[in-house]
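One structure is given here, and the rest of the page talks about it.
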Amino acid sequence: MDQFVIQGGARLSGRLSIKGSKNATLPLMAAALLTDDPVTLRDVPNLADITNLRRLLVELGCEADYEPAQSWHEAGGVLRLHTTDPTPSHARYDIVRTMRASICALGPMLAKRGQARVSMPGGCAIGERPVDLHLRGLRALGAEIEVNEGDIVASAPRRTGRPARLRGARVFLGGPFGSTVLGTANVMSAATLAEGRTVIESAACEPEIVDLADLLNAMGARVSGAGSPRIVVDGVTALRGADHRVIPDRIEAGTYMCAAALTNGDVTLENCPFDAMIAVADRLEHAGVLVTADEGDDPMRCRVRVTASRVLRPLEITTQPHPGFPTDLQAQFLAMLCLADGNSVVTERIYPERFLHVAELSRMGAKLFRQGPTVVVSGVRSLVGAPVMASDLRASACLVIAGMAAEGSTTVHRVYHLDRGYERMEERMRLLGADIQRVSDREPVPA
Ligand code: EPZ
(Lines give C-alpha, C1' and ligand atoms only; values in the text may rest on other atoms or scores of the structure.)
Protein backbone atom coordinates (compact mmCIF):
# COMPACT_ATOMS: atom_id res chain seq x y z
CA MET A 1 0.00 0.00 0.00
CA ASP A 2 1.35 3.41 -0.95
CA GLN A 3 1.80 6.33 1.39
CA PHE A 4 2.56 10.02 0.89
CA VAL A 5 5.48 11.66 2.61
CA ILE A 6 5.01 15.41 2.81
CA GLN A 7 7.42 18.12 3.97
CA GLY A 8 5.21 20.99 5.02
CA GLY A 9 5.77 24.68 4.57
CA ALA A 10 5.72 25.31 0.81
CA ARG A 11 3.46 28.09 -0.42
CA LEU A 12 1.50 26.78 -3.41
CA SER A 13 1.61 28.81 -6.59
CA GLY A 14 1.04 28.24 -10.28
CA ARG A 15 -1.64 26.93 -12.61
CA LEU A 16 -3.59 23.70 -12.79
CA SER A 17 -6.31 22.44 -15.08
CA ILE A 18 -9.20 20.65 -13.36
CA LYS A 19 -10.00 17.09 -14.45
CA GLY A 20 -13.38 15.73 -15.49
CA SER A 21 -15.71 14.93 -12.60
CA LYS A 22 -15.57 11.44 -11.09
CA ASN A 23 -19.05 11.66 -9.62
CA ALA A 24 -20.51 12.90 -12.90
CA THR A 25 -18.74 10.20 -14.92
CA LEU A 26 -20.03 7.19 -12.95
CA PRO A 27 -23.78 7.56 -13.71
CA LEU A 28 -22.93 8.68 -17.26
CA MET A 29 -21.09 5.39 -17.76
CA ALA A 30 -24.06 3.40 -16.49
CA ALA A 31 -26.32 5.24 -18.96
CA ALA A 32 -24.51 3.36 -21.75
CA LEU A 33 -26.54 0.31 -20.65
CA LEU A 34 -29.69 2.08 -21.89
CA THR A 35 -28.81 1.84 -25.59
CA ASP A 36 -27.49 -0.66 -28.15
CA ASP A 37 -25.46 2.13 -29.79
CA PRO A 38 -21.98 3.36 -28.80
CA VAL A 39 -21.65 6.10 -26.20
CA THR A 40 -18.46 8.16 -26.07
CA LEU A 41 -17.50 10.09 -22.95
CA ARG A 42 -14.72 12.69 -23.05
CA ASP A 43 -12.69 14.27 -20.21
CA VAL A 44 -12.98 11.05 -18.21
CA PRO A 45 -10.44 11.08 -15.33
CA ASN A 46 -8.07 8.16 -14.88
CA LEU A 47 -9.19 6.92 -11.45
CA ALA A 48 -9.62 3.65 -9.60
CA ASP A 49 -13.41 4.16 -9.28
CA ILE A 50 -13.76 4.62 -13.03
CA THR A 51 -11.70 1.47 -13.65
CA ASN A 52 -13.89 -0.49 -11.25
CA LEU A 53 -17.10 0.60 -12.94
CA ARG A 54 -15.56 -0.23 -16.34
CA ARG A 55 -14.90 -3.75 -15.05
CA LEU A 56 -18.49 -4.04 -13.96
CA LEU A 57 -19.86 -2.77 -17.27
CA VAL A 58 -17.72 -5.30 -19.13
CA GLU A 59 -19.25 -8.05 -16.98
CA LEU A 60 -22.65 -6.66 -17.88
CA GLY A 61 -22.04 -7.03 -21.62
CA CYS A 62 -20.67 -3.60 -22.42
CA GLU A 63 -17.40 -3.07 -24.29
CA ALA A 64 -15.45 -0.35 -22.50
CA ASP A 65 -12.25 1.04 -24.05
CA TYR A 66 -10.40 3.82 -22.29
CA GLU A 67 -7.82 5.98 -24.00
CA PRO A 68 -6.03 8.05 -21.33
CA ALA A 69 -5.29 11.74 -21.86
CA GLN A 70 -2.25 12.40 -24.05
CA SER A 71 -0.96 15.35 -22.08
CA TRP A 72 -0.92 16.75 -18.58
CA HIS A 73 -3.23 19.60 -19.37
CA GLU A 74 -6.12 17.60 -20.73
CA ALA A 75 -9.10 17.14 -18.42
CA GLY A 76 -9.18 13.40 -18.99
CA GLY A 77 -9.26 10.57 -21.49
CA VAL A 78 -11.86 9.19 -23.89
CA LEU A 79 -14.07 6.31 -22.79
CA ARG A 80 -15.90 4.41 -25.53
CA LEU A 81 -18.76 2.25 -24.31
CA HIS A 82 -20.87 -0.09 -26.38
CA THR A 83 -23.37 -2.58 -25.02
CA THR A 84 -23.20 -5.62 -27.27
CA ASP A 85 -24.58 -8.37 -25.02
CA PRO A 86 -27.80 -7.43 -23.20
CA THR A 87 -28.18 -10.80 -21.43
CA PRO A 88 -26.15 -10.48 -18.19
CA SER A 89 -27.92 -8.76 -15.34
CA HIS A 90 -25.93 -9.53 -12.19
CA ALA A 91 -23.64 -6.92 -10.61
CA ARG A 92 -21.71 -9.16 -8.23
CA TYR A 93 -20.63 -8.42 -4.67
CA ASP A 94 -16.95 -8.79 -5.65
CA ILE A 95 -17.15 -5.61 -7.68
CA VAL A 96 -19.88 -3.72 -5.83
CA ARG A 97 -17.96 -3.98 -2.56
CA THR A 98 -15.04 -2.12 -4.17
CA MET A 99 -17.30 0.73 -5.13
CA ARG A 100 -20.77 1.67 -3.89
CA ALA A 101 -21.49 3.66 -7.05
CA SER A 102 -22.04 0.32 -8.82
CA ILE A 103 -25.64 0.90 -7.72
CA CYS A 104 -25.87 3.26 -10.74
CA ALA A 105 -26.22 0.20 -12.97
CA LEU A 106 -29.52 -0.78 -11.32
CA GLY A 107 -31.92 1.71 -12.97
CA PRO A 108 -30.51 1.51 -16.52
CA MET A 109 -30.29 -2.31 -16.49
CA LEU A 110 -33.80 -2.71 -15.14
CA ALA A 111 -35.27 -0.28 -17.68
CA LYS A 112 -33.51 -1.77 -20.71
CA ARG A 113 -33.34 -5.48 -19.84
CA GLY A 114 -36.43 -5.81 -17.67
CA GLN A 115 -34.39 -7.24 -14.84
CA ALA A 116 -31.38 -6.49 -12.69
CA ARG A 117 -29.59 -8.10 -9.79
CA VAL A 118 -27.17 -5.82 -7.98
CA SER A 119 -25.36 -6.70 -4.81
CA MET A 120 -26.62 -4.46 -2.02
CA PRO A 121 -23.86 -1.96 -1.15
CA GLY A 122 -22.80 -2.11 2.49
CA GLY A 123 -21.93 0.79 4.79
CA CYS A 124 -18.61 2.57 4.45
CA ALA A 125 -16.24 4.80 6.41
CA ILE A 126 -18.48 7.85 6.03
CA GLY A 127 -21.62 6.23 7.44
CA GLU A 128 -24.47 3.85 6.88
CA ARG A 129 -25.53 4.95 3.37
CA PRO A 130 -28.82 3.12 2.71
CA VAL A 131 -30.38 2.75 -0.77
CA ASP A 132 -34.04 2.69 0.28
CA LEU A 133 -34.86 5.82 -1.75
CA HIS A 134 -33.47 4.22 -4.95
CA LEU A 135 -35.72 1.23 -4.36
CA ARG A 136 -38.74 3.34 -3.46
CA GLY A 137 -38.32 5.30 -6.71
CA LEU A 138 -37.95 2.24 -8.91
CA ARG A 139 -40.90 0.52 -7.22
CA ALA A 140 -43.02 3.59 -8.00
CA LEU A 141 -42.19 2.94 -11.68
CA GLY A 142 -43.72 -0.52 -11.33
CA ALA A 143 -40.60 -2.58 -10.57
CA GLU A 144 -40.89 -5.57 -8.29
CA ILE A 145 -37.94 -5.58 -5.93
CA GLU A 146 -36.79 -7.94 -3.23
CA VAL A 147 -33.53 -8.42 -1.39
CA ASN A 148 -32.25 -11.96 -1.71
CA GLU A 149 -28.91 -13.36 -0.51
CA GLY A 150 -27.49 -9.86 -0.20
CA ASP A 151 -28.58 -8.86 -3.72
CA ILE A 152 -31.23 -6.39 -4.83
CA VAL A 153 -33.30 -8.38 -7.28
CA ALA A 154 -35.49 -6.16 -9.47
CA SER A 155 -37.77 -6.93 -12.36
CA ALA A 156 -40.06 -4.89 -14.56
CA PRO A 157 -43.77 -5.77 -14.43
CA ARG A 158 -44.57 -8.82 -16.61
CA ARG A 159 -47.15 -8.88 -19.38
CA THR A 160 -48.01 -12.16 -21.10
CA GLY A 161 -45.05 -13.74 -19.36
CA ARG A 162 -42.49 -11.26 -20.75
CA PRO A 163 -40.95 -8.27 -18.99
CA ALA A 164 -42.80 -5.12 -19.98
CA ARG A 165 -41.64 -1.50 -19.83
CA LEU A 166 -41.59 0.35 -16.54
CA ARG A 167 -44.40 2.89 -16.32
CA GLY A 168 -44.17 6.57 -15.58
CA ALA A 169 -45.30 7.75 -12.15
CA ARG A 170 -45.00 10.53 -9.61
CA VAL A 171 -41.96 9.72 -7.47
CA PHE A 172 -40.90 11.41 -4.22
CA LEU A 173 -37.18 11.13 -3.44
CA GLY A 174 -36.92 13.15 -0.23
CA GLY A 175 -35.28 11.40 2.73
CA PRO A 176 -34.15 12.34 6.24
CA PHE A 177 -30.95 13.94 4.87
CA GLY A 178 -32.43 15.54 1.77
CA SER A 179 -32.64 13.98 -1.67
CA THR A 180 -30.34 11.33 -3.06
CA VAL A 181 -27.90 12.03 -5.89
CA LEU A 182 -27.39 8.50 -7.24
CA GLY A 183 -31.02 7.64 -6.43
CA THR A 184 -32.13 10.53 -8.64
CA ALA A 185 -29.71 9.32 -11.33
CA ASN A 186 -31.15 5.81 -11.13
CA VAL A 187 -34.81 6.83 -11.30
CA MET A 188 -34.24 9.49 -13.97
CA SER A 189 -32.29 7.04 -16.15
CA ALA A 190 -34.88 4.28 -15.73
CA ALA A 191 -37.76 6.67 -16.49
CA THR A 192 -36.31 7.55 -19.92
CA LEU A 193 -37.48 4.16 -21.25
CA ALA A 194 -40.69 3.93 -19.19
CA GLU A 195 -44.16 4.23 -20.66
CA GLY A 196 -45.56 7.71 -20.12
CA ARG A 197 -44.53 10.58 -17.89
CA THR A 198 -42.49 10.41 -14.68
CA VAL A 199 -42.33 13.36 -12.31
CA ILE A 200 -39.53 13.18 -9.74
CA GLU A 201 -40.25 15.42 -6.76
CA SER A 202 -37.52 16.34 -4.31
CA ALA A 203 -34.93 15.37 -6.90
CA ALA A 204 -31.26 16.03 -6.22
CA CYS A 205 -30.17 19.36 -7.79
CA GLU A 206 -26.46 18.53 -8.05
CA PRO A 207 -24.62 19.55 -11.26
CA GLU A 208 -23.81 15.87 -11.85
CA ILE A 209 -27.56 15.26 -12.32
CA VAL A 210 -27.72 18.08 -14.88
CA ASP A 211 -24.79 16.50 -16.72
CA LEU A 212 -26.56 13.12 -16.78
CA ALA A 213 -29.78 14.72 -18.08
CA ASP A 214 -27.72 16.39 -20.83
CA LEU A 215 -26.30 13.03 -21.91
CA LEU A 216 -29.71 11.32 -21.74
CA ASN A 217 -31.26 14.07 -23.87
CA ALA A 218 -28.42 13.77 -26.38
CA MET A 219 -29.34 10.05 -26.54
CA GLY A 220 -32.92 10.99 -27.44
CA ALA A 221 -34.50 11.04 -23.99
CA ARG A 222 -36.99 13.73 -22.98
CA VAL A 223 -35.86 15.02 -19.60
CA SER A 224 -36.58 18.54 -18.32
CA GLY A 225 -36.09 20.33 -15.03
CA ALA A 226 -32.75 18.72 -14.09
CA GLY A 227 -30.95 20.99 -11.62
CA SER A 228 -34.27 21.80 -9.90
CA PRO A 229 -36.12 19.67 -7.31
CA ARG A 230 -38.74 18.68 -9.92
CA ILE A 231 -37.59 16.63 -12.90
CA VAL A 232 -40.04 15.57 -15.61
CA VAL A 233 -39.22 12.62 -17.89
CA ASP A 234 -41.39 11.63 -20.84
CA GLY A 235 -40.53 8.03 -21.70
CA VAL A 236 -39.41 6.99 -25.20
CA THR A 237 -39.18 3.49 -26.69
CA ALA A 238 -35.44 3.53 -27.46
CA LEU A 239 -32.33 5.63 -26.96
CA ARG A 240 -29.45 6.12 -29.40
CA GLY A 241 -25.72 6.63 -28.88
CA ALA A 242 -24.13 9.99 -28.11
CA ASP A 243 -20.81 11.78 -27.68
CA HIS A 244 -20.57 13.75 -24.44
CA ARG A 245 -17.99 15.84 -22.56
CA VAL A 246 -18.04 15.34 -18.80
CA ILE A 247 -18.23 18.47 -16.58
CA PRO A 248 -15.10 19.36 -14.57
CA ASP A 249 -14.80 18.11 -11.00
CA ARG A 250 -16.05 20.71 -8.49
CA ILE A 251 -14.67 18.70 -5.56
CA GLU A 252 -11.18 18.42 -7.06
CA ALA A 253 -11.31 22.18 -7.74
CA GLY A 254 -12.46 22.90 -4.16
CA THR A 255 -9.68 20.72 -2.75
CA TYR A 256 -6.98 22.65 -4.63
CA MET A 257 -8.61 25.95 -3.59
CA CYS A 258 -8.39 24.85 0.04
CA ALA A 259 -4.76 23.82 -0.36
CA ALA A 260 -3.96 27.23 -1.87
CA ALA A 261 -5.75 29.02 0.97
CA LEU A 262 -4.14 26.97 3.73
CA THR A 263 -0.62 27.51 2.39
CA ASN A 264 -1.18 31.24 1.77
CA GLY A 265 -0.75 30.46 -1.88
CA ASP A 266 -1.64 31.96 -5.23
CA VAL A 267 -3.10 29.32 -7.56
CA THR A 268 -5.00 29.69 -10.82
CA LEU A 269 -7.35 26.87 -11.78
CA GLU A 270 -8.33 26.40 -15.42
CA ASN A 271 -11.42 24.45 -16.49
CA CYS A 272 -13.05 25.19 -13.14
CA PRO A 273 -16.83 24.63 -12.72
CA PHE A 274 -17.24 27.88 -10.79
CA ASP A 275 -20.96 28.12 -11.49
CA ALA A 276 -21.43 24.99 -9.35
CA MET A 277 -19.21 26.32 -6.52
CA ILE A 278 -20.99 29.39 -5.22
CA ALA A 279 -21.25 28.14 -1.61
CA VAL A 280 -17.56 27.18 -1.65
CA ALA A 281 -16.47 30.56 -2.99
CA ASP A 282 -18.68 32.27 -0.42
CA ARG A 283 -16.98 30.45 2.48
CA LEU A 284 -13.49 31.08 1.11
CA GLU A 285 -14.23 34.78 0.75
CA HIS A 286 -15.58 34.93 4.31
CA ALA A 287 -12.32 33.38 5.46
CA GLY A 288 -10.44 36.23 3.79
CA VAL A 289 -9.34 34.39 0.65
CA LEU A 290 -9.44 36.33 -2.61
CA VAL A 291 -11.32 34.35 -5.29
CA THR A 292 -11.53 35.90 -8.75
CA ALA A 293 -13.28 34.16 -11.61
CA ASP A 294 -12.89 34.93 -15.27
CA GLU A 295 -16.06 33.22 -16.47
CA GLY A 296 -15.54 33.62 -20.24
CA ASP A 297 -18.27 31.97 -22.30
CA ASP A 298 -18.90 28.98 -20.09
CA PRO A 299 -19.39 29.47 -16.32
CA MET A 300 -18.81 25.72 -15.82
CA ARG A 301 -15.33 25.90 -17.37
CA CYS A 302 -13.67 29.07 -16.23
CA ARG A 303 -10.38 30.36 -14.89
CA VAL A 304 -10.35 31.04 -11.17
CA ARG A 305 -7.53 32.60 -9.18
CA VAL A 306 -7.31 31.87 -5.47
CA THR A 307 -4.98 34.03 -3.39
CA ALA A 308 -4.48 34.07 0.36
CA SER A 309 -1.95 36.30 2.05
CA ARG A 310 -2.94 36.48 5.69
CA VAL A 311 -4.11 34.31 8.57
CA LEU A 312 -7.60 33.03 7.66
CA ARG A 313 -10.72 34.11 9.50
CA PRO A 314 -12.79 31.39 11.23
CA LEU A 315 -16.02 30.19 9.59
CA GLU A 316 -19.34 28.56 10.24
CA ILE A 317 -20.02 25.80 7.72
CA THR A 318 -23.05 23.54 7.41
CA THR A 319 -23.02 20.91 4.69
CA GLN A 320 -26.20 20.69 2.65
CA PRO A 321 -27.46 19.33 -0.64
CA HIS A 322 -26.53 21.44 -3.68
CA PRO A 323 -26.45 24.45 -4.00
CA GLY A 324 -25.44 24.39 -0.32
CA PHE A 325 -21.92 23.63 0.89
CA PRO A 326 -20.93 20.10 -0.29
CA THR A 327 -20.21 17.34 2.20
CA ASP A 328 -17.39 16.21 -0.08
CA LEU A 329 -15.41 19.36 0.86
CA GLN A 330 -16.15 19.31 4.60
CA ALA A 331 -12.94 17.49 5.56
CA GLN A 332 -10.69 19.72 3.43
CA PHE A 333 -12.23 22.90 4.88
CA LEU A 334 -11.85 21.47 8.37
CA ALA A 335 -8.10 21.14 7.71
CA MET A 336 -8.02 24.72 6.53
CA LEU A 337 -9.83 26.01 9.61
CA CYS A 338 -7.30 24.36 11.95
CA LEU A 339 -5.02 27.35 11.25
CA ALA A 340 -7.69 30.08 11.27
CA ASP A 341 -7.58 32.93 13.73
CA GLY A 342 -10.35 31.86 16.15
CA ASN A 343 -13.14 29.32 16.59
CA SER A 344 -14.98 27.76 13.66
CA VAL A 345 -18.11 25.58 13.77
CA VAL A 346 -18.58 22.85 11.14
CA THR A 347 -21.85 20.89 11.02
CA GLU A 348 -22.32 17.82 8.81
CA ARG A 349 -25.95 17.44 7.69
CA ILE A 350 -25.51 14.79 4.97
CA TYR A 351 -23.32 12.17 6.69
CA PRO A 352 -23.35 12.98 10.44
CA GLU A 353 -20.60 10.39 11.08
CA ARG A 354 -18.22 11.68 8.39
CA PHE A 355 -15.54 12.81 10.85
CA LEU A 356 -12.87 10.09 10.93
CA HIS A 357 -10.31 12.72 9.97
CA VAL A 358 -10.90 14.62 13.24
CA ALA A 359 -8.82 12.22 15.34
CA GLU A 360 -6.02 12.26 12.75
CA LEU A 361 -5.92 16.08 12.61
CA SER A 362 -5.72 16.10 16.41
CA ARG A 363 -2.57 14.00 16.11
CA MET A 364 -1.07 16.91 14.15
CA GLY A 365 -1.78 19.39 16.95
CA ALA A 366 -5.18 20.64 15.78
CA LYS A 367 -7.68 21.60 18.48
CA LEU A 368 -11.02 20.01 17.63
CA PHE A 369 -14.03 19.23 19.74
CA ARG A 370 -16.77 17.05 18.27
CA GLN A 371 -20.29 16.70 19.55
CA GLY A 372 -22.56 14.64 17.31
CA PRO A 373 -22.66 16.13 13.80
CA THR A 374 -20.80 19.30 14.85
CA VAL A 375 -17.11 20.01 15.27
CA VAL A 376 -15.75 23.14 16.91
CA VAL A 377 -12.29 23.99 15.60
CA SER A 378 -10.11 26.31 17.67
CA GLY A 379 -7.46 27.66 15.34
CA VAL A 380 -3.83 27.04 16.34
CA ARG A 381 -0.70 28.88 15.17
CA SER A 382 0.81 25.79 13.60
CA LEU A 383 0.23 22.11 12.89
CA VAL A 384 3.01 19.60 13.45
CA GLY A 385 3.73 16.80 10.97
CA ALA A 386 2.89 13.26 12.12
CA PRO A 387 2.12 9.80 10.73
CA VAL A 388 -1.63 9.72 9.98
CA MET A 389 -4.06 7.24 8.50
CA ALA A 390 -6.40 7.96 5.59
CA SER A 391 -9.87 6.48 6.15
CA ASP A 392 -11.84 7.56 3.09
CA LEU A 393 -11.36 9.56 -0.05
CA ARG A 394 -12.03 13.11 1.18
CA ALA A 395 -10.50 12.52 4.64
CA SER A 396 -7.31 11.55 2.78
CA ALA A 397 -7.33 14.82 0.87
CA CYS A 398 -7.82 16.68 4.15
CA LEU A 399 -4.75 15.03 5.69
CA VAL A 400 -2.61 15.73 2.62
CA ILE A 401 -3.39 19.45 2.66
CA ALA A 402 -2.96 19.61 6.43
CA GLY A 403 0.46 17.98 5.96
CA MET A 404 1.40 20.61 3.39
CA ALA A 405 0.79 23.38 5.92
CA ALA A 406 2.32 21.56 8.92
CA GLU A 407 5.81 21.99 10.32
CA GLY A 408 8.06 19.04 9.51
CA SER A 409 7.16 15.76 7.90
CA THR A 410 3.75 14.08 7.60
CA THR A 411 3.22 10.53 6.35
CA VAL A 412 -0.29 9.78 5.11
CA HIS A 413 -0.83 6.02 5.08
CA ARG A 414 -3.31 4.15 2.84
CA VAL A 415 -3.49 6.67 0.03
CA TYR A 416 -5.30 4.15 -2.15
CA HIS A 417 -8.43 5.93 -0.90
CA LEU A 418 -7.13 9.09 -2.52
CA ASP A 419 -6.44 7.37 -5.83
CA ARG A 420 -10.14 6.53 -6.08
CA GLY A 421 -11.00 10.16 -6.63
CA TYR A 422 -7.92 12.31 -7.36
CA GLU A 423 -5.78 11.70 -10.41
CA ARG A 424 -2.06 11.81 -9.49
CA MET A 425 -2.63 14.27 -6.68
CA GLU A 426 1.01 14.18 -5.58
CA GLU A 427 2.26 15.12 -9.05
CA ARG A 428 -0.32 17.86 -9.39
CA MET A 429 0.51 19.29 -5.96
CA ARG A 430 4.23 19.14 -6.86
CA LEU A 431 3.47 21.16 -9.97
CA LEU A 432 2.26 23.87 -7.59
CA GLY A 433 5.42 23.65 -5.48
CA ALA A 434 4.45 21.17 -2.76
CA ASP A 435 7.08 18.79 -1.39
CA ILE A 436 5.26 15.48 -1.56
CA GLN A 437 6.44 11.99 -2.51
CA ARG A 438 4.61 8.73 -3.07
CA VAL A 439 6.36 5.84 -1.36
CA SER A 440 5.41 2.21 -1.54
CA ASP A 441 5.22 0.47 1.85
CA ARG A 442 8.03 -1.77 0.63
CA GLU A 443 10.38 1.16 -0.08
CA PRO A 444 12.28 2.91 2.73
CA VAL A 445 10.68 6.22 3.74
CA PRO A 446 12.99 9.13 2.72
CA ALA A 447 14.91 10.65 5.65
C1 EPZ B 1 -23.12 10.93 -3.95
O2 EPZ B 1 -23.34 9.75 -3.19
C3 EPZ B 1 -21.64 11.03 -4.13
N4 EPZ B 1 -21.13 9.84 -4.80
C5 EPZ B 1 -20.94 11.21 -2.78
O6 EPZ B 1 -19.58 11.47 -3.04
C7 EPZ B 1 -21.52 12.43 -2.08
O8 EPZ B 1 -20.96 12.55 -0.80
C9 EPZ B 1 -23.05 12.29 -1.96
O10 EPZ B 1 -23.63 12.08 -3.28
C11 EPZ B 1 -23.72 13.50 -1.36
O12 EPZ B 1 -23.43 14.65 -2.13
C13 EPZ B 1 -21.22 9.73 -6.12
O14 EPZ B 1 -21.75 10.59 -6.81
C15 EPZ B 1 -20.60 8.54 -6.73
P16 EPZ B 1 -26.87 10.37 -1.56
P17 EPZ B 1 -24.81 9.15 -3.05
O18 EPZ B 1 -27.71 9.23 -1.99
O19 EPZ B 1 -25.62 9.51 -4.22
C20 EPZ B 1 -29.11 9.38 2.50
C21 EPZ B 1 -17.25 11.27 -2.67
O22 EPZ B 1 -16.49 11.55 -1.70
N23 EPZ B 1 -29.78 8.36 1.70
O24 EPZ B 1 -27.14 11.70 -2.20
O25 EPZ B 1 -24.67 7.72 -2.68
C26 EPZ B 1 -27.61 9.11 2.64
O27 EPZ B 1 -27.33 8.20 3.68
C28 EPZ B 1 -18.58 10.62 -2.43
O29 EPZ B 1 -16.95 11.45 -3.85
C30 EPZ B 1 -30.85 7.67 2.24
O31 EPZ B 1 -31.25 7.88 3.37
O32 EPZ B 1 -25.34 9.97 -1.80
C33 EPZ B 1 -27.10 10.50 2.86
O34 EPZ B 1 -27.31 10.87 4.20
C35 EPZ B 1 -18.78 10.00 -1.14
N36 EPZ B 1 -31.46 6.71 1.46
C37 EPZ B 1 -27.97 11.37 1.99
O38 EPZ B 1 -29.18 10.59 1.80
C39 EPZ B 1 -31.06 6.46 0.18
O40 EPZ B 1 -31.67 5.59 -0.48
C41 EPZ B 1 -27.40 11.72 0.62
O42 EPZ B 1 -26.91 10.53 -0.01
C43 EPZ B 1 -29.99 7.17 -0.36
C44 EPZ B 1 -29.36 8.13 0.42
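Just a few scattered comments:
- The range 313-427, Cα convex hull volume normalised per residue, Å³: 97
- Ranking of SER189, SER13 by solvent-accessible surface, largest first: SER13, SER189 (1.4 Å probe, protein heavy atoms only, all chains present).
- For the range 22-244, the Kirkwood hydrodynamic radius comes to 17.1 Å, computed from all pairs of different C-alpha atoms.
- Across the protein chains, with a 1.4 Å probe defining accessible surface, the residues VAL384, VAL199 rank VAL384, VAL199 from largest area downward.
- Amide H partners (placed H, <5 Å) of LYS367, local residues excluded: SER378, VAL380
- Accessible area in the full protein assembly, largest first, 1.4 Å probe, for GLU353, GLU59: GLU353, GLU59
- Alpha-carbon centroid distance for the pair the range 185-200 / the range 1-49, whole angstrom: 27
- Antiparallel %, DSSP beta bridges [both residues in the range 22-244], to 5: 75
- Overall, the range 22-244 carries a charge dipole of about 760 debye about its Cα centre when +1 sits on the Cβ of Lys and Arg and -1 on the Cβ of Asp and Glu, all other atoms neutral.
- Sites GLU63 and LYS367, calculated FRET efficiency, Cβ-Cβ separation with R0 60 Å, nearest 0.05: 0.70
- Computed FRET value (nearest 0.05) for ARG230 with THR160, which takes r as the C-beta separation and R₀ as 51 Å: 0.90
- Contact order relative to length of the range 373-440, as percent, for alpha carbon pairs under 8 angstrom and 6 or more apart: 30
- All Cα pairs of the chain, percent lying beyond 33 Å: 34
- Computed lengthening from ARG139 to HIS73, 0.36 nm per intervening residue step minus Cα-Cα distance: 19.4 nm
- Whole-Hz Karplus values for the range 225-237 come out as x, 4, x, 10, x, 10, 10, 10, 10, 9, x, 10, 7 Hz, taken residue by residue from phi with 6.51 cos²θ - 1.76 cosθ + 1.60 and θ = phi - 60°; glycine and proline positions read x.
- Antiparallel DSSP beta bridges within the chain, as percent of all bridges there, nearest 5: 70
- Protein heavy-atom surface of the range 225-328, 1.4 angstrom probe: 47% of the accessible area is carbon and sulfur, with nucleic acids and ligands not counted.
- Every helix of 4 or more DSSP H residues in the chain counts as -39500 (n - 2.57), and over all residues that averages to -8000 deg cm²/dmol at 222 nm.
The values are calculated or read from the model by the stated rules, or taken from the named source; none is laboratory data. This is a predicted model, so every value here is computed, not measured. Positions of Cβ are backbone-derived with ideal geometry, glycine not excepted, and every protein chain shown enters the neighbour counts. Ligands, DNA and RNA are stripped out before the accessible areas are found, and what is left, the full protein with its side chains, is counted by its heavy atoms. Shrake-Rupley method; radii C 1.70, N 1.55, O 1.52, S 1.80 Å.
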